[in-house]
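The next block holds one structure in the form of structure tokens; read it before the comments.
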């Protein structure tokens, strides 16, 4: 299997999972600065021009959550459960993509990506909007995590890998985590995992 990635949010969770599962993947770095993701050979495997992408034989998968599900299934891992918890994991994957990481990702883009790529200063209106929404959904997540070590049941799942993906960048992205002790506690648990600490090797 080949896993195409760069050092950004969505590839991070997939790379962390692949390392956690010790998946037999070859990590292939895609240089976004040079525009490698827009070249014909890459667009042939992902017409969206984005990473991550997984090639597993004749199967080509894009979209990070789908790739995580595939890797967990290939590894016969309970991180993608086959019991009633699967629906709960799916719920959090959708919730995160549409809410928590959506606005955490917006802050990551404005405060980290734009300066790094010389795209100018953060858009103050975009930052305020993302911060306001981040507070709404961080409050929901914080309340859910009270008394829990993991998002679903009593075990680590794909939901944890997905929902926490912006948190390692909290400082630079200026994620307003101070009011959310449960989120900080939960993420501290994930940070004990070597694969989460160093997903890119």
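Matching residues to (1) out of contact with any helix residue (DSSP H, G or I) (no Cβ under 6 Å at 6 or more places or on another chain); (2) under 26 Å from residue 4 (Cβ atoms); (3) outside the structural domain of residue 50 (by TED's automatic domain parsing):
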position: 68; (1), (2), (3): no, yes, no
position: 92; (1), (2), (3): no, yes, yes
position: 99; (1), (2), (3): no, no, yes
position: 110; (1), (2), (3): no, yes, yes
position: 136; (1), (2), (3): yes, no, yes
position: 145; (1), (2), (3): no, no, yes
position: 160; (1), (2), (3): yes, yes, yes
position: 163; (1), (2), (3): no, yes, yes
position: 169; (1), (2), (3): no, yes, yes
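Collect the residues in the stretch 121-134 that are assigned to a helix (DSSP H, G or I) and surrounded by 13 or more Cβ atoms within 10 Å (Cβ to Cβ), keeping them in residue-number order. Hits for the stretch 121-134 are 126, 127, 129, 130, 131, 133, 134.
Within the stretch 41-63, being part of a strand (DSSP E or B) and touching a residue at least 12 places away in the same chain (Cβ under 8 Å) holds for 53, 54, 55, 56, 60, 62. Among the conditions (1) under 25 Å from residue 20 (Cα atoms); (2) out of contact with any strand residue (DSSP E or B) (no Cβ under 8 Å at 6 or more places or on another chain); (3) at pLDDT 95 or above; (4) surrounded by fewer than 19 Cβ atoms within 10 Å (Cβ to Cβ), residue 60 misses just one, which is (2). Checked against (1) crowded, with 16+ Cβ neighbours inside 10 Å; (2) within 19 Å of the chain's Cα centre (by Cα), residue 94 meets all criteria but (1).
The values are calculated or read from the model by the stated rules, or taken from the named source; none is laboratory data. No experiment lies behind these values; they were computed from the predicted model shown. Note: ideal-geometry Cβ built from the backbone for every residue, glycine included; neighbour counts use all protein chains shown.
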